[in-house]
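Notes follow the structure.
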């Protein structure tokens, strides 16, 4: 009798990023390098917890269109509006590049920084973070920002002259979408 055991994994051995949308050009190689580094940082959190992120051997990040995101959002959450990121516990993270571009413009970020934000957001969900309650949302937001800053990425920096307009826009977005990070 031969018993085979699966080796204990400390997290994914591979993170792949695939671009399935054609409207907006993105640097997939840069995002894949970023994701590989970001997942290591996320695994340093909650070390004693046996999270989904620790169990996975691979994670797939899919860059998709608003049309595809709307279909996923409707199918799994009953909402036909596109959203920026959806994470599934099987290790699939779907990011709408069109929504990420709109968010990047609203908050004066680059598209790549916004997509990187979404990648970290997805990893943190797999690592056991949640954003359904205000206290959980704050903890997740602070952790995201800390990870991104440690990797040299600033999210939500507003150029001079746009602070008041952006402040009002953020207040409006938060009122419309209470779970929003900004």
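Every number here is computed from the coordinates shown, using simple stated rules; none is lab data. Remember, it's a predicted structure, so these values are computed and weren't measured experimentally. Don't worry about glycine lacking a Cβ; one is built from the backbone with ideal geometry, like all the others, and counts go over all protein chains shown.
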FRET efficiency for residue 105 and residue 80, Cβ-Cβ distance as r, R0 = 25 Å, nearest 0.05? 0.65
What share of the DSSP beta bridges in segment 14-176 is antiparallel, in percent to the nearest 5? 25 percent
Among 80, 113, which comes first, then next, by fewest other beta-carbon atoms within 10 Å? 80, 113
Restricting to Cα pairs below 8 Å that are 6+ residues apart, what does the relative contact order work out to for segment 14-176? Please round to a whole percent. 22 percent
Roughly how many nanometres apart are two label points built 7 Å out from the Cα toward the Cβ at residue 16 and residue 139? 3.3 nm
From fewest to most C-beta neighbours within 10 Å, the residues 73, 89, 125 line up as 89, 73, 125
Please work out, to two decimal places, the log10 of the ratio I(q)/I(0) at q = 0.15, 0.19 Å⁻¹ from a Debye calculation in which every Cα of segment 1-141 carries one identical scatterer. -0.75, -1.16
